[in-house]
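S.K.: Pasting a structure here, questions to come.
The values are calculated or read from the model by the stated rules, or taken from the named source; none is laboratory data. For clarity, every value in this text was computed on a predicted model and none was experimentally measured. Using ideal geometry, Cβ is built from the backbone for each residue, glycine included, and neighbour counts are taken over all protein chains shown. Areas reflect the complete protein model, heavy atoms only, side chains present, ligands, DNA and RNA absent. Shrake-Rupley method; radii C 1.70, N 1.55, O 1.52, S 1.80 Å.
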Amino acid sequence: MNSREQLKDKKRIVVKVGSSSLTHKETGRLDLNKMEVLIRELCDLRNQGKDVILVSSGAIAVGRNIIGLADRPDELPVKQACAAIGQCRLMMIYQKIFAEYNHIAAQVLMTKKTVTDVLSRYNAHNTFLELLNLGAIPIVNENDTVSTFEIQFGDNDTLSAIVANIAQADLLILLSDIDGLFTDDPNVNPNAKFIDVVETLDDKLLSMGKGSTGSDVGTGGMATKLNAAKIATAAGADMVIANGEDFHILHDIVTGKQVGTLFKAHKDDNYDILDYLGE
């Protein structure tokens, strides 16, 4: 069985979607058709008996749209206010659509302190396991309403890898506005080559990460995705970076089709999550 076919047997899957994958580029408003497809795909995975966790960006983007801000805010208090407004709307929509497919959505908001504090991390682990045991689908986001620079992850790519670690997932899927890992930025260099499988993350591959993002609603770039790959693979999970333009791609990934870039797990017995958070 090759690496892709082994994805069929994954039992606990964390899926991360970025703000740009959830909103209309022209207006910044939520793309409800895409959200419906995403939720249907996640429910189908749950119907197959797999545990599913969704890490969803979008609270600030939704909140800023509700209050009429044209651009992503820079000031922390405005970001926090947008997050408070947007998170309510986002969860309301998630709960409504999940309920249509007879599944329960549960909200989990985290800060960096959730991970750096041993007791908080243990409690988060127990919460995830109990929610999954009850058949719920946890929807995770950074708690942007209370996060400050000192206690924030800063991007949901890193957060999703940490969630995969805490929840003991065996597959992490990052869906964004890119097809996967290239040898260079394909938007700038037409000769950039696509990388199908990464057996081992080395310094050369890590240097390919670009810190920028092509969207004004997101915060992550390829650099954050490669950092997520370091965290997830060391914790024992495979990871796939793929394009979230069409959420049906989730079915393709989990059935072993050759889409996105697959990062193979390399479990590190000396793994300490704090080593990846600069603590």
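S.K.: Tell me, what HN-Hα J-couplings in whole Hz come from the Karplus equation 6.51 cos²θ - 1.76 cosθ + 1.60 at θ = phi - 60° for each residue of segment 236-252, using x for Gly and Pro?
M.R.: x, 10, 6, 9, 10, 9, 8, 7, x, 4, 10, 5, 4, 4, 4, 4, 4
S.K.: Heavy-atom accessible area per residue, the chain, 1.4 Å probe: how many Å²?
M.R.: Here the per-residue accessible area is 46 Å².
S.K.: With only Lys, Arg, Asp and Glu charged, each at its Cβ (+1 for the first two, -1 for the last two), find how big the charge dipole of segment 1-133 is about the Cα centre; round to the nearest 20 debye. Numbers along the way, then the final one.
M.R.: Working: 20 positive and 14 negative charges, 42 e Å.
Approximately 200 debye in magnitude.
S.K.: A follow-up question, please. Of E26, E130, E41, which has the largest mean-square fluctuation in a 10 Å C-alpha GNM of the chain?
M.R.: Fluctuation is largest for E26.
S.K.: For segment 67-180, state the semi-axes of the equivalent ellipsoid (square roots of 5 times the eigenvalues of the alpha-carbon gyration tensor), sorted largest first and rounded to whole angstrom.
M.R.: Semi-axis lengths for segment 67-180 are 23, 20, 15 Å.
S.K.: Residue by residue, what Karplus-based ³J(HN,Hα) values in Hz, rounded to whole numbers, does segment 130-140 have, using 6.51, -1.76 and 1.60 with θ = phi - 60° and x for Gly and Pro?
M.R.: Once rounded to whole Hz, the list reads 6, 4, 5, 4, 7, x, 7, 10, x, 10, 10.
S.K.: Subtracting the Cα-Cα distance from 0.36 nm times the residue separation, let me have the gained length for K257 to D71 in nm, one decimal. Walk me through the numbers before you get to the answer.
M.R.: Working: separation 186, 0.36 × 186 = 66.96 nm, distance 3.75 nm.
The K257-D71 span can extend by a further 63.2 nm.
S.K.: Check V15: other-chain or 5+ apart residues with amide H under 5 Å from its amide H, H built from backbone geometry?
M.R.: I53, L54, V55, I173
S.K.: Using amide H atoms built in the peptide plane, which far-off residues or other-chain residues are under 5 Å from F263 H to H?
M.R.: When sequence neighbours closer than 5 places are left aside, the close amide H contacts are V198, M239, V240, I241.
S.K.: Given a Förster distance of 45 angstrom, what is the FRET efficiency for C88 paired with N189, based on the Cβ-Cβ distance and rounded to 0.05? Display every interim value, and only then the final one.
M.R.: Values: r = 42 Å, r/R0 = 0.93.
Once rounded, the FRET efficiency stands at 0.60.
S.K.: Would you give the gap between the C-alpha center of segment 86-152 and the C-alpha center of segment 30-70, rounded to a whole Å?
M.R.: If you average the Cα positions of each part, the centres end up 13 Å apart.
S.K.: Size of the dipole of segment 13-66 about the Cα centre, Lys and Arg at +1 and Asp and Glu at -1 on the beta carbon, nothing else charged, in debye to 20?
M.R.: On the way: 8 positive and 6 negative charges, 26 e Å.
Approximately 120 debye in magnitude.
S.K.: How many nm is it between the label spots at Y101 and D272, if each spot is 7 Å from the Cα in line with the beta carbon?
M.R.: In this crude spin-label approximation the distance works out to 4.0 nm.
S.K.: Ignoring ligands, DNA and RNA, what percent of the accessible area of the chain is carbon or sulfur (1.4 Å)? Present the calculation step by step, with values, prior to reporting the outcome.
M.R.: On the way: 6150 of 12810 Å².
Result for the chain: 48 percent of the exposed heavy-atom area is carbon or sulfur.
S.K.: Remind me, relative contact order of the chain in percent, using alpha carbon pairs under 8 angstrom and six or more residues apart? Please list the in-between numbers first.
M.R.: On the way: 529 pairs, mean separation 63.9, N = 279.
Relative contact order of the chain: 23 percent.
S.K.: Give the calculated FRET efficiency between L134 and S207 to the nearest 0.05, with a Förster radius of 51 Å applied to their Cβ-Cβ distance.
M.R.: On the way: r = 43 Å, r/R0 = 0.85.
Calculated transfer efficiency: 0.75.
S.K.: How long, wide and thick is the chain, going by the Cα atoms along their three principal axes, in whole angstroms, largest first?
M.R.: Each principal axis gives a Cα extent; for the chain these are 48, 46, 39 Å.
S.K.: Quick one: work out the % antiparallel among DSSP beta bridges in the chain, nearest 5.
M.R.: Numbers: 6 of 33 bridges.
Of the beta bridges lying entirely in the chain, close to 20 percent run antiparallel.
S.K.: Quickly estimate the mean residue ellipticity at 222 nm for the chain, helices only: each DSSP H run with n ≥ 4 gives -39500 (n - 2.57), and the total goes over all residues, rounded to 500.
M.R.: Details: 10 runs with 109 residues, N = 279.
Rounded to the nearest 500, the figure is -12000 deg cm²/dmol.
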